[in-house]
Amino acid sequence: MDLLAVNRLARAFYADVYADPHNQENLARFTFLSPDARRFYAGWDQAADISVAVLRTEAGRDPHDKDLHDLVGELSTRSDAFRTRWGAHNVRHHGTGFKRYHHTAVGELTLAYQGLEMAAEPGLTLTIYTAEPASPSEQSLRLLASWAATPRTPEPAPHTGD
């Protein structure tokens, strides 16, 4: 659930995840440890269930993955919601569906997602999000893409005197 590579739009979309260095660019940490996650995921329970199912699937794929063990241990000790879900032992393939979000800059979004397994790198997935054409979500994504593409003007250095 690490964000390994993103384009500008994805970075803007996941601004809350990137804003807090404690998330370590990890969606599971964000989902269970960040107070912003319950606002960002309009369907937080669904996002939490999917997150745990993905981690369970990965644990089955590579039961000796130390980083995964460490993440599960951290989430288990810091989140009752994670610990309860982890104890349920639910496993499901996270392939396609719809998710609802509330982005602070553009509001409500309903996006279809498709996870593409990377055959050359087991355990890596490329996830593609799309909005229904001509929908409010598509308009919001276009606005976010425009915002993300706008170059930021660096803040002028404070004048300290001569």
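Some observations on this one:
- Residues of the range 30-50 satisfying the condition of being of a type in the set (Ser, Thr, Tyr) and in contact with a Lys or Arg (Cβ under 8 Å, 6 or more places away or on another chain): TYR41
- Condition met for VAL6 (free of Cβ contacts under 8 Å to residues at least 40 places away in the same chain, part of a helix (DSSP H, G or I) and under 13 Å from the mean Cα position of the chain (by Cα)): no
- Yes/no for ARG11 being in a helix (DSSP H, G or I), of a type outside the set (S, T, N, Q), more than 26 Å from GLU117 (Cβ to Cβ) and in contact with a Phe, Trp or Tyr (Cβ under 8 Å, 6 or more places away or on another chain): no
- Counting only residues that are more than 17 Å from ALA47 (Cα to Cα) and more than 12 Å from the chain's Cα centre (by Cα), the range 20-35 holds 3 of them.
- Of all the residues in the range 35-46, those that are closer than 19 Å to ALA12 by Cα and either buried (at least 18 other Cβ atoms within 10 Å of the Cβ) or hydrophobic (A, V, I, L, M, F, W, C) (or both) number 4.
- Of all the numbered requirements in (1) within 28 Å of LEU141 (Cα to Cα); (2) crowded, with 16+ Cβ neighbours inside 10 Å, PRO21 misses one, and that requirement is (2).
- If you check HIS69, HIS102 for being of a type outside the set (Asp, Glu) and within 30 Å of ALA134 (Cα to Cα), only one passes: HIS102.
- A search for C-beta distances below 7 Å between a residue of the range 111-127 that is free of Cβ contacts under 8 Å to residues at least 12 places away in the same chain and among the aliphatic types (A, V, I, L, M) and any residue that is surrounded by 13 or more Cβ atoms within 10 Å (Cβ to Cβ) and part of a strand (DSSP E or B), counting only pairs 6+ apart in sequence or on different chains, returns MET118/THR125.
- Highlighted here are the strands (runs of 3 or more DSSP E) found entirely within the range 72-162 that include at least 1 residues which are surrounded by 13 or more Cβ atoms within 10 Å (Cβ to Cβ) and at pLDDT 95 or above: 96-103, 107-117.
- Boolean, LEU55 is surrounded by 17 or more Cβ atoms within 10 Å (Cβ to Cβ), over 22 Å from ALA105 (Cα atoms) and not acidic (Asp, Glu): yes
The values are calculated or read from the model by the stated rules, or taken from the named source; none is laboratory data. Nothing here was measured: the structure is a model prediction, and the numbers come from that model. Virtual Cβ from ideal backbone geometry, glycine too; neighbours counted across all protein chains shown.
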